[in-house]
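Worksheet: one structure, shown below.
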Amino acid sequence: MSQYPKTNFFFWEVHPFFRLLLPLVLGIIAYFTVGSAIYLTLFSGIGGIAGYFYFLYHTKSWYNGTQAYYALISLFAVGYFVAYGYDARTNPRWYGHYLKPYKGYCLVVPQQSPQRDKEHQSIPVEVIALLDSHSVTATQGTAIMAIDTGYALANFQKHDTLLCPNNMVAMADNGNPGEVSYAQIYQRNNWYHRLYIHSPITIWGHSTVPPSFIDLSRRYLWSTIDKYVPATQANSLIKAMLLGDVSGLDKDLRSTFTHTGIAHILALSGGNISLLFIGIAYIMLWIKHKKWEWIKYLVAVPVVWFYIVLTGTSPSATRAAAMFSLITVAVLFNKRLAPLNQLFAVAFIMLCFQPNWLFSIGFQFSFTAVLSLFLFYEHIYHRISTKNVVLSKVWQIMAASLASNVLLAPLIIYYFHTFPAIFLVANVVGIILLEVVMLLGVGVMVLASLPAVAGFLGWLLQQIVFFAITWLHALEGYQIAAWNALNWSPAFIVVLYIAIAAGAYYLIHGIRPAFLATFMAINVLVLVCFIEKASNVTQRRLIVYNTPIGNSIAYINGDSYALKSGYQGDSAIIATGNGHYGCYKPAKDSLEHIYCIAGQRILIYNYTELPLKPFPTDVLVLNNHCQLNVHQIKQIFSPQMVVMGNLFDPHQRQKWKDSIVQYGIALHDVTISGAYNIKEQ
């Protein structure tokens with residue numbers, strides 16, 4: 001019997017939502033990067049014409065080509081105007097339009113209650129009015145309120161109305177090399193200002209809105225965990241893995257999970273939803289006939305969405321719940337599951353409602369990991385087969401980890417400048433830990449009315465978490481130091497993705513042009529690495545970092561660095577900055593505090609007293625609480641510039657600024673201008 005000829009379909013023909021998603025994404029990117037209607041017209045015109053001729057070439061039909069043209073332009077415009085509508089700045093009542101040089105006061109409504117056990121915290125607030133001595137202006141929009149428990153949190157709760165001094169400051173980055181632009185992340189969530197609280201808060205009016213069922217449920221779950229799992233690290237880790245609350249995790253624990261490659265289990269995602277559905281299916285075990293299997297899915301959908309709303313509707317959790325809902329629809333109507341197309345459909349729907357999620361790290365990681373899993377898991381898993389049940393389970397976890405990291409690894413390197421060498425082993429521990437935390441955590445909450453049983457489960461959960469953390473700390477010791485200083489540019493990441501895509505296509509389909517593309521991309525990567533390494537070997541630079549507390553100064557020479565300050569700030573910021581220049585080897589520290597870089601004599605001043613003789617310098621870095629005045633510094637050092645770190649409180653800082661400006665000396669304040677970074681040309 002003769003066989004029908006094989007038909008090769010394009011990727012977007014097999015997964016039609018992909019070609020709907022792509023122009024939508026381009027439209028969102030166009031708004032947030034270009035933002036002008038003139039450029040929009042130009043960009044969409046060029047893109048639309050290119051798309052028109054592309055589809056005309058493939059369809060050989062003027063009619064179909066015109067259809068494709070209008071479809072691309074329409075979806076691009078949808079993406080652009082969805083982003084436009086989301087942007088708070090387009091609202092004429094946005095508070096940012098009414099901010100004035102003189103501060104006045106503002107009325108704000110907190111969107112969550114403060115945590116009494118945290119010294120510093122940031123709370124999103126709705127700005128409902130700006131007040132001055134002449135007028136009251138009703139406004140809309142959200143900001144971030146930065147509060148210190150030392151300034152009397154009062155007893156305000158969520159939805160109270162607060163009267164605060166209008167200390168609004170526009171979101172800005174710290175200016176440290178290699179650091180993620182957190183200001184941009186805040187701004188794309190419509191938080192354009194930070195409201196600093198430097199005086200007690202006045203409660204203008206208490207909320208009359210009764211707590212919702214969601215709020216009451218959340219309070220119950222939080223208090224139950226606090227009661228039966230009192231250990232600090234175990235408590236914070238369980239809240240993160242079970243309830244999506246990562247605010248209690250300390251920096252060391254976050255770093256451990258990042259360096260071991262299992263930070264993904266701290267974000268609610270498909271793993272949590274799968275375990276929740278397994279629990280529901282087990283409760284409904286009496287339904288055994290396949291004909292009635294759909295009932296389990298139908299019951300699970302509202303439970304899953306309640307869980308997602310309860311835990312804060314993060315992008316990764318929303319993606320998992322939406323995909324589960326589409327699977328339920330497919331089961332109900334007895335339709336064939338198309339996982340990739342469903343993934344693109346969920347992304348399309350989510351971005352239509354929340355276009356800013358496109359730039360969310362959680363959104364990017366979640367979709368990239370699942371896309372990679374769908375594309376590569378089967379090819380990796382079937383390479384090795386075993387009949388041993390335990391080994392088979394372990395290999396499933398390792399194969400899934402390998403598959404998801406094929407496309408996720410470049411993103412991890414781009415955002416966190418590290419790649420975990422031991423992620424395969426750590427993921428086995430991480431997945432087992434997630435399953436145990438879900439099982440015992442739900443048990444503690446359900447059986448809270450039986451204190452003895454809940455107490456035992458809580459104790460057991462603490463011991464298991466403590467054991468897992470100990471193991472992860474041990475695994476972290478095997479991380480390769482050089483892999484913690486990977487600072488690759490966006491262009492490098494793009495070429496890396498081309499190499500991965502072409503290499504995977506060649507290995508799966510055996511197409512020779514794909515091998516050639518892989519070879520060329522790898523050669524480009526090697527060449528770029530060689531050029532960067534050659535430039536780093538001869539580098540000399542001095543960096544005064546903008547860290548939250550104290551001075552952090554690093555002298556970089558080649559691929560090694562020496563820390564030159566007794567007041568060390570955030571070690572993660574320093575490691576990221578040094579790694580940005582390919583520098584990860586700590587050098588033996590010396591007492592040297594005078595440097596000549598780029599023809600500039602730089603003095604790191606570590607003393608409280610002046611030297612006996614004049615010592616002219618070009619740049620003076622204040623590295624101590626000097627009891628000296630600017631007049632004395634001018635006479636002895638005659639600096640052209642003074643660099644001020646974070647050693648001074650706001651009052652001292654302003655006093656120094658005023659004095660330095662009077663003497664005509666340039667000032668670099670790292671809290672305003674970002675890190676001071678001077679290099680040998």
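The values are calculated or read from the model by the stated rules, or taken from the named source; none is laboratory data. Quick caveat, the model's predicted, so the values are computed rather than measured. Because the Cβ atoms are built from the backbone with ideal geometry, glycine has one as well, and the counts that use them run over all protein chains shown. Remember, those area values only see protein heavy atoms, side chains included, never the ligands or the DNA or RNA. Shrake-Rupley method; radii C 1.70, N 1.55, O 1.52, S 1.80 Å.
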If packing is taken as the average number of other Cβ atoms within 10 Å across a peptide's residues, how do 80-89, 285-294 rank, most packed first? 80-89, 285-294
1.4 Å probe accessible area per residue over the range 272-371, in Å²: 49
Going down the list Lys251/Lys296; Lys296/Lys393; Lys290/Lys393; Lys564/Lys634; Lys585/Lys657; Lys393/Lys533, which pairs span over 31 Å between their C-alpha atoms? Lys251/Lys296; Lys585/Lys657; Lys393/Lys533
Using a Förster radius of 45 Å, what is the FRET efficiency between Asp658 and Ile522 based on their Cβ-Cβ separation? Nearest 0.05, please. 0.20
Tyr497 label point, 7 Å along Cα→Cβ, cut-off 19 Å on backbone N: hits in the range 182-221? 185
Please state the charge dipole magnitude for the chain, taken about the Cα centre, from unit charges on C-beta atoms (+1 on K and R, -1 on D and E), reported in debye and rounded to the nearest 20. 1340
Lys/Arg Cβ at +1, Asp/Glu Cβ at -1, dipole of the chain taken about the Cα centre: which of Phe306, Ser207, Ser181 is farthest positive-ward? Phe306
Gap separating the Cα centres of the range 347-400 and the range 631-681, nearest whole Å: 50
Cβ-based charge dipole, the chain, positive-most Cα from Ala468, Ala281, Asn546: Ala281
How much net charge surrounds Val109 when only the other residues with a Cβ under 9 Å from the Cβ of Val109 are counted, with Lys and Arg +1 and Asp and Glu -1? -1
What is the chain's relative contact order, in percent, from Cα pairs under 8 angstrom and six or more apart in sequence? 10
Once phi for every residue in the range 455-463 is put through the Karplus expression 6.51 cos²θ - 1.76 cosθ + 1.60 (θ = phi - 60°), the whole-Hz ³J(HN,Hα) values, with Gly and Pro written as x, are x, 5, 4, x, 5, 4, 5, 4, 5
For the chain, what does -39500 (n - 2.57) per DSSP helix run (n ≥ 4), summed and divided by total residues, give at 222 nm, in deg cm²/dmol to the nearest 500? -17500 deg cm²/dmol
For Asn167, the residues 5 or more places away or on another chain with a placed amide H closer than 5 Å to its own amide H are Tyr196
Positive-end extreme of charge dipole, the chain - chosen from Val331, Ile633, Ala320 (charges on Cβ): Val331
Here the gain from full extension of Gln157 to Ser74, 0.36 nm per residue of separation minus their alpha-carbon distance, amounts to 25.4 nm
